[in-house]
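Working notes for the structure below.
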Amino acid sequence: MSDIWSAAYGFVTSLTLTYAVVACFFVVGLFRLRRRRAPAPANADLPHVSIVVAARNEAENVDACLPALLAQDYPQDRYEVIFVDDHSEDDTRARAEAYLDGAPHLRVLSLADLGDADRTGKQHALDLGIRQSRGEIVAGTDADCVAPPSWLRALTSRFRADTGVVVGFSVLDARGDGGSAFVKLQSLELLGIFAAFAGGLAWRLAMGCTGNSLAYRRAAYEELGGFMKMGFTVAEDNMFVQWVDRHTQWRIEVAHSADSLVWTRPMPTYRAFLDQRLRWSSNSLENRLSVVWFSVVAYGVNLLLPVAVLLALMGFGSLPWAVGLVALKLLPEWALLARGLSLFGRRDLLAYLPLLAPFHTSYVLLVGLAGLSGRSAWKGRSHQMQRKTFGPHP
């Protein structure tokens, strides 16, 4: 029996050590991120940008999203906004079209106008909008997001000659807004995920991103053949960034300053939060194998560490050993969060750090296995994911 316990101790220790080393890898990556931007060009030298927004059943959000995009601190003759309706069942399209008067840089398109009932989904909507656009850079956000006036300049300032994609991020709250602890925890946890993404990108490892804030060269998009060329996915943003990383020579940069963060809505209840995370995890097997591998490690650590602590408290193991493993997990996580929140300008969220570990572990264990089914539902549609290949791009 002692040999079995020794093997179990060794396995949990190895798993936790692996997790900690990868977390430290992300922390070092965050310190490698380039702080300085290129000198601000004159307005006449700014790149032409097309903001493309795909929307379905977003009537309640249009009146916050579109005015913010139309009021960017960017020359109006250097950018356009293309809003694409994806067969909405509410008055999303009508609300968007209400902004056409007085906004010459806005266009509203609809997949329904194509007359093809099979052309549905965000990938089709994005491809339509991009084909109808003319900017050398395409910027994307979601219809339930509100971009600050500085957003477009913040993203474009990160482009260099060899930059194909600039990854930005989003936040769920504002500093000092009096939001509930649940909202603050969601925001902290989300920025922690983004910190890991940013740390990986600093090492040129594209693990993921968010479609809430993303910009890419039209040349990079055309080189890959568009979003539908990747095959169906509900995580077209993650897949696009990973495909650029694997199949092209373009660099991927990170926009991590506070003026590049867009605001999006938090989930109102824990059940809604779990449903959102389940939808996100449904594409887990689509990811590159290194991301899948780390996801398995992270799940194993979150599952086995509480068990190890419980067994140690019951006398079936060394309590100092169990506590040491918990510290080995938490210290790199906290370092990652501290550095990430500093870059994002949200160190105020560190006050909620003691509550994060149980919050994070609970949802990881609940949705981790459920996401392997590849099934998800969103906006009245059900989806089934399939494993993607990262071999030679066709």
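The values are calculated or read from the model by the stated rules, or taken from the named source; none is laboratory data. What you see is a predicted model, and the numbers here were worked out from it, not measured in a lab. All Cβ positions, even for glycine, are placed from backbone atoms using ideal geometry, and neighbour counts span all protein chains on display.
Say whether the condition of being free of Cβ contacts under 8 Å to residues at least 60 places away in the same chain and closer than 26 Å to ALA68 by Cα is met by at least one residue in region 200-213. Yes, some residue in region 200-213 is free of Cβ contacts under 8 Å to residues at least 60 places away in the same chain and closer than 26 Å to ALA68 by Cα. Restricting the search to region 53-72, which residues are in a loop (DSSP other than H, G, I, E, B) and over 14 Å from ARG265 (Cα atoms)? Once the filter is applied, which keeps residues that are in a loop (DSSP other than H, G, I, E, B) and over 14 Å from ARG265 (Cα atoms), region 53-72 yields ARG56, ASN57, ALA71, GLN72.
Residues that are more than 15 Å from VAL364 (Cα to Cα) and among the polar types (S, T, N, Q) were ranked within region 278-321; the one that is modelled with the lowest pLDDT is ASN287.
Quick check on region 266-273. Is at least one of its residues out of contact with any strand residue (DSSP E or B) (no Cβ under 7 Å at 6 or more places or on another chain), part of a helix (DSSP H, G or I), more than 24 Å from TRP203 (Cα to Cα) and aliphatic (A, V, I, L, M)? Yes, because at least one residue in region 266-273 is out of contact with any strand residue (DSSP E or B) (no Cβ under 7 Å at 6 or more places or on another chain), part of a helix (DSSP H, G or I), more than 24 Å from TRP203 (Cα to Cα) and aliphatic (A, V, I, L, M). Of TRP263, TRP280, TRP293, which residue is touching a Ser or Thr at 6+ places or on another chain (Cβ under 9 Å), aromatic (Phe, Trp, Tyr), in a helix (DSSP H, G or I) and surrounded by fewer than 22 Cβ atoms within 10 Å (Cβ to Cβ)? Being touching a Ser or Thr at 6+ places or on another chain (Cβ under 9 Å), aromatic (Phe, Trp, Tyr), in a helix (DSSP H, G or I) and surrounded by fewer than 22 Cβ atoms within 10 Å (Cβ to Cβ) holds for just one of TRP263, TRP280, TRP293, which is TRP280. Scan region 87-103 and tell me whether some residue there is touching a Leu at 6+ places or on another chain (Cβ under 7 Å) and at positive phi. Yes; the residues of region 87-103 include at least one that is touching a Leu at 6+ places or on another chain (Cβ under 7 Å) and at positive phi.
When the residues of region 346-368 are filtered to those that are among the small types (Gly, Ala, Ser) and either surrounded by 15 or more Cβ atoms within 10 Å (Cβ to Cβ) or closer than 18 Å to ARG277 by Cα (or both), the one that is modelled with the highest pLDDT is ALA357. Taken together, the residues in region 107-155 that are modelled with pLDDT of 95 or more, outside any strand (DSSP E or B) and β-branched (Val, Ile, Thr) amount to 2. Of the residues making up region 192-202, none is over 30 Å from LEU353 (Cβ atoms) and not in a strand (DSSP E or B).
Picking from residues in region 238-259 that are assigned to a loop (DSSP other than H, G, I, E, B) and not aliphatic (A, V, I, L, M), the one that is surrounded by the fewest Cβ atoms within 10 Å (Cβ to Cβ) is GLN249. Against the test of being basic (Lys, Arg) and under 19 Å from LEU46 (Cβ atoms), the options ARG78, ARG93 yield a single qualifying residue, ARG78. None of LEU190, LEU155, LEU172 is within 25 Å of ASP348 (Cα to Cα), buried (at least 22 other Cβ atoms within 10 Å of the Cβ) and touching a residue at least 12 places away in the same chain (Cβ under 8 Å) except LEU155. On the stretch given as region 71-96, residues that are surrounded by fewer than 17 Cβ atoms within 10 Å (Cβ to Cβ) and in contact with a strand residue (DSSP E or B) (Cβ under 9 Å, 6 or more places away or on another chain) total 0. Residues in region 1-15 that are at pLDDT 80 or above and among the small types (Gly, Ala, Ser): 3 in all. The number of residues in region 74-100 being in a loop (DSSP other than H, G, I, E, B) and touching a helix residue (DSSP H, G or I) at 6+ places or on another chain (Cβ under 6 Å) comes to 7. Looking across ALA196, ALA235, ALA202, one residue alone is buried (at least 17 other Cβ atoms within 10 Å of the Cβ), small (Gly, Ala, Ser) and under 23 Å from SER50 (Cβ atoms). It is ALA235.
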